[in-house]
Structures are given as C-alpha cells and as structure tokens.
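What follows is one structure encoded as structure tokens, with my remarks underneath.
FYI, it's all coordinate maths here, none of it is from the lab. None of the values given here were measured: they were computed from a predicted structure. Glycine also receives a Cβ, built like all others from the backbone with ideal geometry; neighbour counts cover every protein chain displayed.
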Amino acid sequence: MIMAGNIALKVDDVKIDLADTWLYKGLMFSGVPNLAIAVGSLTASYTLRIELMADYVCRLLQYKEAIQRNAATPQLPMPISAMPVKPFAENFSSATWLALGSTCQNRVIPSPG
C-alpha cells in the first residue's frame with residue numbers, strides 16, 4: 001500500500017507533498033482542492049466513519065454546486081506555529097501506518113466550533 005497511490009499532486013504547477021499538508025476533517029488536505037481520502041482498517045467503526053465522510057463529501061459537492069464554485073480547498077485558519085498538533089489517527093492498524101509512511105505528519109486542522 002502506498003498513500004494516494006504515489007501520485008504526483010500539483011496545484012497551479014507547484015508540486016504538493018502530502019507530508020507538508022494538514023488534514024481537514026480526516027479526509028481533505030490543506031491547500032489541495034477537490035481531493036478527499038478515506039484511510040483505515042476494515043472494522044465496523046471504520047465502515048460507519050466512511051459513511052459519515054461520504055455524507056460530508058456529498059454535502060460539500062452539493063454546496064459547491066449551489067454557490068457555483070469549481071473547487072473546495074481547505075486552508076489553515078491561523079499561522080502554523082499556532083496550530084495545535086493532534087494525532088492523525090490513533091487506532092490504525094500497523095499495516096495502515098506502514099502504508100502512510102512519512103506522508104502522515106500528525107497534523108490536523110481543527111474543526112470550527
């Protein structure tokens with residue numbers, strides 16, 4: 001397993017290293033438009049989490065269409081030095097952690113509220 005299939009991500013011709021991004025709601029990377037992922041091991045709680053993530057992405061796509069926008073891009077709400085560091089996912093299997101490798105940087109954008 002390789003995170004994101006080892007694809008070369010570019011935004012406006014600038015290469016994006018996922019290890020340099022922050023994760024929003026456990027599924028979108030800061031500064032990367034229209035990209036959502038789901039990572040974890042196959043358990044009942046994971047299946048329920050994926051359902052919530054898919055629901056969020058569908059609502060985001062509907063909202064994006066309603067306001068006539070082409071992209072949804074999570075942005076950091078404050079300077080990086082002020083961001084609290086939270087675990088990316090504490091309950092992943094060891095196989096999932098191996099697949100994430102250096103991509104996972106324990107940096108999570110806090111949800112509003």
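Annotation for E51 and M83: the two label points, set 7 Å from Cα along the Cα-Cβ direction, are 3.1 nm apart. Were the residues from L60 through N6 laid out at 0.36 nm apart, the gain over their Cα-Cα distance would be 16.9 nm.
Note on A19 and A71: their simple-model spin labels are 2.4 nm apart, each label 7 Å out from Cα toward Cβ.
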